[in-house]
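As structure tokens, the structure follows; a few thoughts come after it.
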């Protein structure tokens, strides 16, 4: 995992302990305080809006675990 770029996760991806370990390892990680349904455009728009507020003018890459 790169420490070069900020990572944003939805609240249901990691446990608090896993997030703390990630943060302590030097990864710039943030956790949204809400779940994001990646198949719901409104949820994705909300998440992108939040990230844009914190990283204005920067590119955003989205990775979705497609298990269906």
**Request:** Over the chain, consider all pairs of different Cα atoms and compute the Kirkwood hydrodynamic radius from their mean reciprocal separation; express it in Å, one decimal.
**Result:** 13.0
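At a threshold of 8 angstrom on Cα-Cα distance, excluding pairs fewer than six apart, so keeping six or more, what relative contact order does the chain reach in percent?
29
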**Request:** Estimate the FRET efficiency between residue 18 and residue 58 by the formula 1/(1 + (r/R0)^6), using the beta-carbon distance for r and 25 Å for R0, to the nearest 0.05.
**Result:** 0.50
**Mean Cβ neighbour count within 10 Å, used as a protection proxy, ranking 52-62, 28-38 highest first** = 28-38, 52-62
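Every number in this text was worked out from the coordinates using simple rules, so none of it is lab data. Predicted model only: the values in this text are computed from it and were never measured. Please note: Cβ atoms are built from the backbone with ideal geometry, for glycine as well, and neighbour counts cover all protein chains shown.
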